[in-house]
Amino acid sequence: MNPADLPPELSNTPELVLAMRQIAQGPLAAQVQAIDQGTYPREVMQQLAAAGGMSAHLELPGQPADFGLAIKAMAEVSKVCGSTGFMMWCQAVCGLYMQTSNNPDLMGKVLNDHVQGLRLGGTGLSNPMKSFAQIESLLLKATPVEGGFEVSGTLPWVSNLGPDHYFGAIAGIEGQTGQELMFLLRCDAPGVTLKACPSFSGMEGTGTYAIHLKNLFVGAADTIASPAKPLIAQIRAAFVMLQCGMALGVTQGAIDSMWAVEGQLGHVNQFLHDRPQTLQAELDALTQRVMQLAETPFDKRTEFFIDVLDARAHGAELCLRAAQSALMHQGARGYLLSSEVQRRVRESHFVAIVTPAIKHLRKEMARLSAQEMPA
Ligand SMILES: Cc1cc2nc3c(=O)[nH]c(=O)nc-3n(C[C@H](O)[C@H](O)[C@H](O)COP(=O)(O)OP(=O)(O)OC[C@H]3O[C@@H](n4cnc5c(N)ncnc54)[C@H](O)[C@@H]3O)c2cc1C
């Protein structure tokens, strides 16, 4: 038996993970199919946040930051619903931007409301992350004006949004090559329009919208960092490692669904590759590696960042293999539209393509490793 499945009094499972489990296996499990089909689970997100599920990595009064715990909390939820696990990551990194901004206007009550889930938000950093890795150019432009900037442009998809939400964004500053503004973009500000995205094959309930900006004013109160690159350098490893929670959780969910049919189908499933005990051993080893990396999330060494990218890539690849194998193990019952097994295949595809996608991770690892090599 997995020690985490023991009754609370006998296990060393952190209280936060037990709280996540209760919500994930209760109200979240009851609507997981509706979420897959497009329902945004605002109330569940707020419950998970209020229980501390999206803030364990932040330094709060009486609470030291614990990235390992934040990842475990996200994994516990992702086991049941990958979409909600992803939105926990969106909320968690948005909180990280606020805290590391050192801007009093984004800390105090604003951060406190965010931590408690009274306000929800996300991150629009896929495009800048790809821009910094020379994969594409920046889509938002900031023009300096009296007291701040005016920002225009379009982001094709940002998640965990709604009319009263916000997210961290980055715009290139006009006339100042290589200089960027990082700011909190409020969806209800003048100049901001949310547009529905075309249907995706999964993640439909993640509150994902295209964002159109026309002369949005950004002043000091909403500035996260300007220039943005030093802050990105500070948080990039933390940003990527937190995503491991999704990969670990979706993988565990897939392994559990292989065991669910073992009694009935083990006699024939034993001929499959990627059996549950093999995947579990690999997952446990990866979890241990991620937990170790999570002890020093702000380590600035390139070598450390390569290690984080590699763990994240391993997580995405393991997640793809586990979801695929779970479908092989479950057969037709896993192929039913109502089955969590086929849903997880689509969730695992998202883990592999969300920025940094596997191809982006490999490109960055190749680039940084070449930099690290002695001349
Ligand atoms: C459901 C969902 C939720 C997402 N949530 C977020 C989020 O919260 N924050 C965030 O910053 N990013 C988000 N993204 C974007 C995501 O992180 C990736 O950037 C995106 O999936 C493309 O990554 P890629 O590296 O595979 O680029 P590629 O697919 O290789 O694309 C290269 C370029 O083409 C563009 N492109 C490709 N297909 C289309 C299309 N059909 N229409 C318009 N443009 C296209 C891409 O945007 C990119 O600029 C989300 C994407 C999806 C599908």
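The values are calculated or read from the model by the stated rules, or taken from the named source; none is laboratory data. What you see is a predicted model, and the numbers here were worked out from it, not measured in a lab. When we count neighbours, we look across all protein chains shown, and the Cβ atoms used for this are built from the backbone with ideal geometry, even at glycine.
Below are the figures for this structure:
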{"read-out": "Subset tally (residues that are in contact (Cβ under 8 Å) with a residue 60 or more places away in the chain and either in a loop (DSSP other than H, G, I, E, B) or away from the ligand (no atom under 15 Å from the Cβ) (or both)) for the stretch 181-201", "value": "1"}
{"read-out": "Any chance residue 293 is closer than 23 Å to residue 369 by Cβ and buried (at least 17 other Cβ atoms within 10 Å of the Cβ)", "value": "yes"}
{"read-out": "Any hit, the stretch 42-54, residues being more than 15 Å from the ligand (Cβ to nearest atom), part of a helix (DSSP H, G or I), among the basic types (Lys, Arg) and within 29 Å of residue 154 (Cβ to Cβ)", "value": "yes"}
{"read-out": "Options 143, 177; residue that is of a type in the set (S, T, N, Q) and in a strand (DSSP E or B)", "value": "143"}
{"read-out": "Hits in the stretch 215-233 - residues which are on the phi > 0 side of the Ramachandran plot and part of a helix (DSSP H, G or I)", "value": "none"}
{"read-out": "Flag for residue 371 being surrounded by fewer than 16 Cβ atoms within 10 Å (Cβ to Cβ), touching a residue at least 60 places away in the same chain (Cβ under 8 Å), away from the ligand (no atom under 13 Å from the Cβ) and at negative phi", "value": "yes"}
{"read-out": "Set 206, 223: member being touching a Cys at 6+ places or on another chain (Cβ under 9 Å) and either within 14 Å of the ligand (Cβ to nearest atom) or in the same structural domain as residue 181 (by TED's automatic domain parsing) (or both)", "value": "206"}
{"read-out": "Test result for residue 322, within 13 Å of the ligand (Cβ to nearest atom), under 19 Å from residue 280 (Cβ atoms) and in contact with a Ser or Thr (Cβ under 9 Å, 6 or more places away or on another chain)", "value": "no"}
{"read-out": "One residue from 305, 350 being within 16 Å of the ligand (Cβ to nearest atom), surrounded by fewer than 23 Cβ atoms within 10 Å (Cβ to Cβ) and part of a helix (DSSP H, G or I)", "value": "350"}
{"read-out": "Failed criterion for residue 82 (all others in (1) closer than 28 Å to residue 346 by Cβ; (2) without any contact (Cβ under 8 Å) to a residue 12 or more places away in the chain hold)", "value": "(2)"}
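Residue-wise test of (1) within 14 Å of the chain's Cα centre (by Cα); (2) free of Cβ contacts under 8 Å to residues at least 24 places away in the same chain; (3) more than 16 Å from the ligand (Cβ to nearest atom); (4) on the phi > 0 side of the Ramachandran plot.
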position	(1), (2), (3), (4)
94	yes, no, no, no
110	no, yes, yes, no
128	no, no, no, no
150	no, no, yes, no
165	no, no, no, no
174	no, no, yes, no
